[in-house]
Amino acid sequence: THLSRLEVTLYNAPLLLPEYDEELHLTAQVKALYVLFLLHPEGIRMKDIGDYKEEFKRLYFRFSNRSDVDKLRDSIERLFDLWTPNTMNVKKSQCSSALRMAIPEDDLRAHYEIQVNRGGPHVVTLDRKLVTMPDTLAFNL
């Protein structure tokens with residue numbers, strides 16, 4: 001079996017895996033976090049996650065269907081103020097659960113998951129040539 005393309009969509013639409021005929025349904029926060037990792041193929045160290053707050057905010061605003069900007073900002077502030085390894089694990093677990101539903105084969109799914117490198121950056125290893133997203137999001141690809 002081969003790897004599917006991953007199509008990133010705007011708003012609260014699911015991410016698409018067209019070759020698998022699957023969709024990834026993620027909350028706006030989890031989707032923003034996942035796309036943040038896609039935009040950084042070098043990975044992100046958890047001790048540096050605060051450096052990505054503005055970029056995360058731009059993504060979260062694009063994916064959220066909330067119209068109340070103040071509530072969105074509050075949600076982001078709470079997330080980053082209280083950011084702990086456990087917070088990351090919960091968000092990553094939600095993402096992994098969606099991936100497990102869409103891609104049951106461990107060896108294929110591993111390319112799409114946020115991989116943990118102890119002491120190193122967390123990274124999604126999927127070849128970025130397989131990732132498509134709207135130009136308004138792809139400021140790093």
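The values are calculated or read from the model by the stated rules, or taken from the named source; none is laboratory data. From a predicted model like this one, the values you see are computed outputs, not experimental measurements. FYI the Cβ positions are ideal-geometry reconstructions off the backbone, even for glycines, and counts take in every protein chain you see. The area values use the complete protein model at the heavy-atom level, side chains included, leaving out ligands, DNA and RNA. Shrake-Rupley method; radii C 1.70, N 1.55, O 1.52, S 1.80 Å.
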Between a residue in the range 87-116 that is within 21 Å of G43 (Cα to Cα) and any residue that is charged (D, E, K, R), which pairs come within a Cβ distance under 7 Å, given they are 6 or more apart or on different chains?
S96/E113; L99/R109; L99/E113; R109/R100; I114/K92
Answer residue from the range 25-61, given it is among the basic types (K, R) and over 15 Å from D74 (Cα atoms) and is surrounded by the fewest Cβ atoms within 10 Å (Cβ to Cβ) among those:
K47
Residue list for the range 1-20, restricted to those being of a type outside the set (S, T, Y) and either surrounded by 19 or more Cβ atoms within 10 Å (Cβ to Cβ) or in contact with a Ser or Thr (Cβ under 9 Å, 6 or more places away or on another chain) (or both)
R5, L6, E7, V8, L10, N12, L15, L16, L17, P18, E19
Quick one: how many residues across the range 82-101 are open to solvent by 50 Å² or more (accessible area, probe 1.4 Å) and modelled with pLDDT under 85?
6
